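Shown next, in structure tokens, is the structure this report addresses.
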Amino acid sequence: TKLSGQHFHKSHQLGAPLTLADFEAINRCEKSLPKNFNFAGDVLDQWSQKEKTGERPANPALWWVNGKGDEVKWSFGELGSLSRKAANVLTKPCGLERGDRVAVILPRIPEWWLINVACMRTGLVFMPGTTQLTAKDILYRLRASKAKCVVASEEVIPAVESIVSECPDLKTKLLVSPHSQNGWLSFSELFQTASAEHSCVETGSQEPMAIYFTSGTTGSPKMAQHSQSSLGIGYTLCGRYWLDLKSTDIIWNMSDTGWIKAAIGSVFSSWLQGACVFVHRMAQFDTDTFLDTLTNYPITTLCSAPTVYRMLVQKDLKRYKFKKLRHCLTGGEPLNPEVLEQWKVQTGLELYEGYGQTEVGIICANQKGQEIKPGSMGKGVLPYDVQIIDENGNILPPGKEGEIALRLTSTRPFCFFSEYVDNPEKTAATIRGNFYVTGDRGVMDSDGYFWFVGRADDVIISSGYRIGPFEVESALIEHPAVVESAVVSSPDPVRGEVVKAFVVLSAPFKSSNPEKLTLELQDHVKKSTAPYKYPRKVEFVKELPKTITGKIKRNVLRDHEWGRT
Ligand code: BCO
């Protein structure tokens, strides 16, 4: 791109200035990682300089709307001064210090971006969570991470208040709302009087930057920790070649703030390339509002889960004339070739699928300019060497199904998560011989394209969410009607797969009305854990299939759901 080779002058660090070309070279393993790196200082502040010198188009850095007439447009310069104020709020009245962990449970509001950047400026570890989290989920996160601060919006207050006495490490509750609340610091009040002078800390490239909670087959979610460079530099090639972004582009990435996809599409990949991040805060997802947004705003680049495209292609898309849309992306769950085809026929646009994980970012993608094979998730992306391996860590030839794995070099790739915090066993379990194993099964064809087959474990991938069956089973067992349950994936035409619970009822509930009891159990799960995990299908059974040692055989139930013998 035009920007490659232009110098990013380091404002706060000594040493050679970094360029976008340097970041690319680091991702291609042609250059080593700098000792220090900070995304706010080394990328965002440099775009702000370029705005001043006219080297960047007059395109906002963040463009936020809510469909009710409210709008926020910040240049990189404004993002810089506002996030410095936010940094001063976090360090001064909140009393937070570099390395402290901050749980941020906010919907898609501009303050989410401010606090995110403020954490970078101050070296705080950012831990995003969806506002769908319940009290139990928040309690687990605050206790497991020993978070010093929770930043939340109004709707999250009751959940936090109900568990806060059980979180001895939590020092500060910061509320983002026009209203104030007893026991909470008010972000807007403190922000008004905060200074815009702040000196960005010199973070080490491998210093912790963020923690994402990620679900597995067993136990509670693990804390996948990312470094300043894994997120801040690791998405350079993804932004340029998969998202195909330039500083003139406007990208709308739909993902909720709680997921790494928000970090990829609405922070790092986009801002590395100097593009504008567009955000629409919809009260609830709705296809008409979605299509109107593409019609009314000059969005050039769209990234959304396959479930959204499945919902959209059911509409008469030819009725809509998208203002500037030119590049469409999808990921988080497998995309069916029929949807890709229907989207193309109706809009004239290709759909570029990518595949990745919270732990290691984007692994495969259909990059711009590359031939798309419908149903495939594209080829491995640099710096990864993606292979299909067997249970002993041997590489399988094209056409053979196995586990999708990343070959390790002598050092751990810089764009990997650093570890599952406080969980060396689970961190070690991701390594098999010379490979990092994804837990996903797939096939590579003779042209190097990868095809997703399914999870190697019991994790359910529904509407782009990764759902651990154990978390749903734990919620179900709290209900007096449930003696035991097994939660597996079940096919669904819109959501790809959905959560299905097989439930053995306790004696007093055996003669209950099944429809009513299903609704009651669903409602119960929605209250106990984040509602997106609730079982959309429930089947009452007399007993569950078990091994001779009494372990529930989820695979038998899952295979039955998917019509496999
Ligand atoms: O569908 P239902 O109405 O029965 O249930 C929905 C909500 O109504 C309900 N709910 C939400 N808040 C609630 C509540 N119920 C009670 N109390 C509350 N407070 O719970 C269900 C939530 O389901 P949903 O989130 O799927 O909602 P919806 O509206 O159907 O949204 C559809 C999608 C497609 C917009 C949504 O599923 C979505 O955003 N999916 C994408 C997820 C994503 O971004 N994944 C990326 C993860 S990162 C990654 O993959 C790494 C890649 C490198």
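The values are calculated or read from the model by the stated rules, or taken from the named source; none is laboratory data. Remember, it's a predicted structure, so these values are computed and weren't measured experimentally. FYI the Cβ positions are ideal-geometry reconstructions off the backbone, even for glycines, and counts take in every protein chain you see. Quick note on the areas: whole protein, heavy atoms, side chains included, nothing else; ligands and nucleic acids left out. Shrake-Rupley method; radii C 1.70, N 1.55, O 1.52, S 1.80 Å.
A few notes on this one:
- For the stretch 182-264: span of alpha carbons on each principal axis (Å, largest first): 44, 42, 30
- Here the accessible area of the stretch 37-139 is 47 percent carbon and sulfur, with a 1.4 angstrom probe and all protein chains present.
- Alpha-carbon spread of the stretch 320-439, three principal axes, descending order, Å: 52, 33, 21
- Apportionment of accessible area to carbon and sulfur, the stretch 278-374, percent (1.4 Å): 46 percent
- Approximate shape of the stretch 472-527 as ellipsoid semi-axes (Cα gyration tensor, √5λ), whole Å, largest first: 21, 12, 11
- The stretch 73-142: relative contact order in percent, alpha carbon pairs under 8 Å with at least 6 residues between: 36 percent
- Once both labels are positioned 7 Å from their Cα atoms along Cα-to-Cβ, the gap between Ile431 and His179 label points is 5.1 nm.
- Note on the stretch 36-148: antiparallel DSSP beta bridges, both residues inside, total approximately 50 percent of the bridges counted.
- Relative contact order of the stretch 198-299: 22 percent, from C-alpha pairs under 8 Å at least 6 residues apart in sequence.
- For the stretch 366-416, the per residue solvent-accessible surface stands at 48 Å², with DNA, RNA and ligands left out and a 1.4 Å probe.
- Hydrodynamic analysis of the chain uses the Kirkwood radius over alpha carbon pairs. Inserted into Stokes-Einstein at 10 °C and 1.306 mPa s, it gives a translational diffusion coefficient of 65 µm²/s.
- Cα centroid separation - the stretch 128-147 against the stretch 284-358, whole Å: 31 Å
- What the stretch 432-565 shows is 48 Å² of accessible area per residue, with the surface traced by a 1.4 Å probe over protein heavy atoms.
- Estimated [θ] at 222 nm from DSSP helical runs (n ≥ 4, -39500 (n - 2.57)) normalised by residues in the chain, nearest 500: -7500 deg cm²/dmol
- Rel. contact order, % - alpha carbon contacts under 8 angstrom, at least six apart, the chain: 11 percent
- Average accessible area per residue (Å²) across the stretch 17-134 - probe 1.4 Å, nucleic acids and ligands excluded: 33 Å²
- Treating r as the C-beta distance of Asp523 and Lys31 and R0 as 60 Å, the FRET efficiency rounds to 0.65.
- In this simple spin-label approximation, Asp390 and Ser220 carry label points 7 Å from Cα along the Cα→Cβ vector, and these lie 4.0 nm apart.
- The chain: antiparallel DSSP beta bridges as a percent of all, rounded to 5: 60 percent
- Surface share of carbon and sulfur [accessible, 1.4 angstrom probe, percent] for the stretch 488-565: 54 percent
- 13 Å tail of the calculated P(r), the stretch 35-106, as % of Cα pairs: 74 percent
- Summing +1 for each Lys or Arg and -1 for each Asp or Glu among the other residues whose beta-carbon sits under 10 angstrom from that of Ala118 gives +2.
- The radius of gyration of the Cα set in the stretch 426-565, together with its Dmax, comes out at 16.9, 59 angstrom.
- Rough spin-label spacing in nm, given labels placed 7 Å along Cα→Cβ, for Asp457 and Thr411: 2.9 nm
- Alpha-carbon spread of the stretch 24-169, three principal axes, descending order, Å: 51, 45, 31
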